[in-house]
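To keep things clear, I will list the structure first and then write my remarks on it.
The values are calculated or read from the model by the stated rules, or taken from the named source; none is laboratory data. Since we're looking at a predicted model, the values are computed, not measured. FYI the Cβ positions are ideal-geometry reconstructions off the backbone, even for glycines, and counts take in every protein chain you see. When the accessible area is computed, the model is the full protein with side chains, heavy atoms only, and any ligands, DNA or RNA have been set aside. Shrake-Rupley method; radii C 1.70, N 1.55, O 1.52, S 1.80 Å.
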Amino acid sequence: EIYSLHVDCKVTSRFAHTVITSRIVNRANESREATFEVELPKTAFITNFSMSIDGEVYPGIIKEKAAAQNEYDTAVSQGQSAGLVKITDRKLEQFHVSVSIAAASKVTFQLTYEELLKRQLGKYELLIKVRPKQLVKHFQIDVHIFEPQGIHFLEADGTFMTNELTEALTKVQNETKAHILFKPTVDQQKKNSELDETLLNGDFVVRYDVKREATAGDIQIVNGYFVHYFAPQEMPVFPKNVVFVIDRSGSMAGRKIEQTMDALLKILQDLHSEDHFNFITFNNKVVEWNSSLLPATEENVASAAALVQTLTARGGTDISGALLAAVGVLEKAEGLPERSVSMIVLLTDGQPTSGERNVEVIQENIQKAINGKYALFCLGFGFDVSYKFLEKMALSNGGIARRIYENADAALQLQGFYQEVATPILMQIEMQYPENSIEGLTKNNFKLFFEGSEIIVSGKISNELDLLPVEIKAQSHTSDLTLKEEANVKEKEQVFQNQRYIFGNFIERLWAYLTIQQLLEKAISAQEEDQKALEAQALNLSLRYSFVTPLTSMVVTKPSDQQQKELANKPTEAG
């Protein structure tokens, strides 16, 4: 019986630190399995876990993956158990551990994870999965937010909310702080008064955005580490030149091609009149809808929509031929707006089976053909794609990859992805800081900035600076911009000094989190020697700041009368 479940989340300047504590008692008169099962965002890194059984604490220890695996193999000679973490859906992964406890014994499980909230379509989203599977006497979610820039709007909601449960939700906020409390009684948790079934099953989501005034963004400093947030607003959108490359091989038949058609019809409606576009569909043959890019006039959009509705799926998959054709269309395009953004959006659900099949050769040929001029976005539909291949191809060509999960909402996932990249407002963004005063600077050059997102740069101020000057250079649709700002280091440090519930080194941890994420991403498209060096750096930081990343594992030790060791690894989308 879980008699207490507490989720305590502190968000300080977008960096979220979440602690989940579950207390379980065995009311039976014999030993029973106690299970702790939590779903956490894929973007988060676990930083800590412990079990205490009758006062004895069993901590999880974070080690290099290979070392942890050796230790585990030695302890468990009878082969591999499944590991403690697995991906459960497109946003979440599940941490699951069980331990046998004696009659009348109690166990407390505690898991801590951290993540940097990413701004998408004008808001941050904090997702807490709620699924206790039973009624819990003391159930509580606390979310504390501190945003020095000021909170612009804030909403909290649960997918399982009823009128009674809404009464258990309170929200208190002032200019820069908010506290959200969700504390339903046992009666409020019940589906109905006769049955002991819980309503609490779904997502508890907090969404918010911050106020923005300064043109050159906002700088925050704690203990010598700085973070710089930049999210300009209300700027003209660049016209886009976009080629959609759509897989219509046999495996797309049925639901997938229908959902793709639904999404494409909506996306066509969203094109602006100054955009240019074309469609390429492919199976083992590559078909260009038009020989050149066309302006998104009403007539052209209508005739494209008519084509989309006739899509049928059969045949093989010539990914290489289709992408090279897309590059060809952009290469020979004429009369495009002088300042515009060109992109290729590939949607496929399989491996290359016709034309060039060697993925390394395809990657190399596409990179040569694109040559840094266009952004390539790769959407992998379902689990038969080689996600690794799509991810490497996108990251090598200034884009991103995304897996589309085969659910009822696949069309919405496709549209949502398109909305994120549909409004580029800056390109060639350079964030410049005094070279000799900053160490460990995270990525500070960005090809494109999309409206509603945010650029984040962090680093360590290495010598006694009184003022931290920053300069941002970028191209907008109408002009070349230079924005300048100076941060007063002492004043900025002061902001966080008197905040009670802030964990002190949060910008340093934010810097480490961001650096690890970027090193791992860079490693995906790097050459082999560089890859090893990048991974070594990421491993070093993962161990130093105790993050469970794809390079580390957490070894969980249990009482001596049970299978003693289990491993928590970080799963990745590429598997």
Residues (in contact with a Leu (Cβ under 8 Å, 6 or more places away or on another chain), closer than 15 Å to residue 548 by Cβ and surrounded by fewer than 21 Cβ atoms within 10 Å (Cβ to Cβ)) located in the stretch 95-125: 96, 97
Among the candidates 442, 353, single out the residue that is assigned to a loop (DSSP other than H, G, I, E, B) and touching a strand residue (DSSP E or B) at 6+ places or on another chain (Cβ under 6 Å). 442
Filter pass, residue 248 being out of contact with any Leu (no Cβ under 8 Å at 6 or more places or on another chain) and among the charged types (D, E, K, R): no
Being among the small types (Gly, Ala, Ser) and at pLDDT below 95 is the filter here; which residues of the stretch 341-362 pass it? 350, 354, 355
Could you identify the single residue in 145, 180, 128, 141 that is free of Cβ contacts under 8 Å to residues at least 40 places away in the same chain, buried (at least 20 other Cβ atoms within 10 Å of the Cβ) and in contact with a strand residue (DSSP E or B) (Cβ under 8 Å, 6 or more places away or on another chain)? 180
Just checking, how many residues over the stretch 45-75 are more than 17 Å from residue 570 (Cβ to Cβ) and open to solvent by 60 Å² or more (accessible area, probe 1.4 Å)? 8
Cβ-Cβ under 9 Å pairs, at least 6 apart or on other chains, the stretch 221-247 side touching a residue at least 12 places away in the same chain (Cβ under 8 Å) and within 16 Å of residue 508 (Cβ to Cβ), far side part of a loop (DSSP other than H, G, I, E, B) and of a type in the set (D, E, K, R): 227/14
So residue 447 passes all but one of these: (1) touching a helix residue (DSSP H, G or I) at 6+ places or on another chain (Cβ under 9 Å); (2) in contact (Cβ under 8 Å) with a residue 24 or more places away in the chain; (3) within 19 Å of residue 517 (Cα to Cα); (4) open to solvent by 50 Å² or more (accessible area, probe 1.4 Å). Which condition number does it fail? (1)
Looking only at the stretch 227-249, which residues are crowded, with 18+ Cβ neighbours inside 10 Å and out of contact with any strand residue (DSSP E or B) (no Cβ under 6 Å at 6 or more places or on another chain)? 231, 232, 239, 249
Any chance you could count how many residues in the stretch 343-353 are open to solvent by 20 Å² or more (accessible area, probe 1.4 Å) and either hydroxyl-bearing (Ser, Thr, Tyr) or on the phi > 0 side of the Ramachandran plot (or both)? 1
Let me confirm something: among 198, 162, which residue is open to solvent by less than 70 Å² (accessible area, probe 1.4 Å), modelled with pLDDT under 95, touching a Pro at 6+ places or on another chain (Cβ under 8 Å) and over 30 Å from residue 473 (Cα atoms)? 198
